[in-house]
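Encoded as C-alpha cells, the structure appears first; notes follow it.
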Amino acid sequence: MLFTSAKDSAYQIIYPSNPTESVKYAAEELKAYIFKISGAMLPYFQDSRHPQDKEIIVGYTNRGGYTEEEKEELGKEGFIIKTEGEKIYILGSDVRGALYGVYTFLEEYLGCRFYTSDFEKIPSRDVLGVQPIARDEQIPVFEYRDIDFVVSR
C-alpha cells in the first residue's frame, strides 16, 4: 500500500507556483474529496515549499516526474498518473489536464463515482490505499468534452 490516509496523514498536496485557476481548483478538489472519503485534512502548498517524501503532486511542478516531450504529447487535456517511491504524480496541463487527472485518480484509484452535477457516490474509509501505479497515461481523442443532455430535477 503506497498511500495511507488517516486523520494524521503525513501526505501533502503540491501544486505549481503561480497556478492557473484550473490547477488550483484541481488541488482543492483533491483535498476536498480525500476529506470526504477519509476525514483526512491534507494540507496543500505551492511547489516553493521544501520537498517531502509523501506528496501528491498535481500539475507540472518543480518536483519533476515528466519530460518536456511528455508535456507536449499530453497537450491541453491529457494526463499521467504514476507513483515513484511514496510520491503520487497527477501530471497534466494547466488548462484541463491536471483537473481531468485528479478526477480520474478519484474515480479509478479511490472509488468515487460522479454521475451528474448533483449526484455522486463517495466511499467512506478510515484508511486509503493505492498500489504502485507504473503509468496511467490518457490522451483524449477529442479536444472538447461535453455531455449533451439536460439534468432534470
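Please report, as a whole percent, how much of the solvent-accessible surface of the stretch 2-86 comes from carbon and sulfur atoms (probe radius 1.4 Å).
Taking all protein chains in place, the stretch 2-86 shows 46 percent carbon and sulfur surface.
For Asp47, enumerate residues with amide H under 5 Å from its amide H, sequence gap 5+ or separate chain, H modeled in the peptide plane.
Tyr15, Ser17
Where only protein heavy atoms count, and the probe is 1.4 Å, what is the accessible area per residue for the chain in Å²?
57
Using the C-alpha atoms of the stretch 52-121, what convex hull volume per residue, in cubic angstrom, is computed?
97
In whole percent, what relative contact order does the chain give with Cα contacts below 8 Å and a gap of six or more residues?
Relative contact order for the chain comes out at 28 percent.
Which three numbers, in whole Å and largest first, are the semi-axes of the equivalent ellipsoid of the stretch 37-83 derived from its Cα gyration tensor as √(5λ)?
That gives 23, 14, 9 Å for the three semi-axes.
Can I get the semi-axes of the chain's equivalent ellipsoid? Compute them from the C-alpha gyration tensor as square roots of 5 times the eigenvalues, in angstrom, largest first.
They are 22, 21, 14 Å, listed from largest to smallest.
The values are calculated or read from the model by the stated rules, or taken from the named source; none is laboratory data. Because the structure is a prediction, the values reported are computed rather than measured. The accessibility values were calculated without ligands, DNA or RNA, using every heavy atom of the protein model including side chains. Shrake-Rupley method; radii C 1.70, N 1.55, O 1.52, S 1.80 Å.
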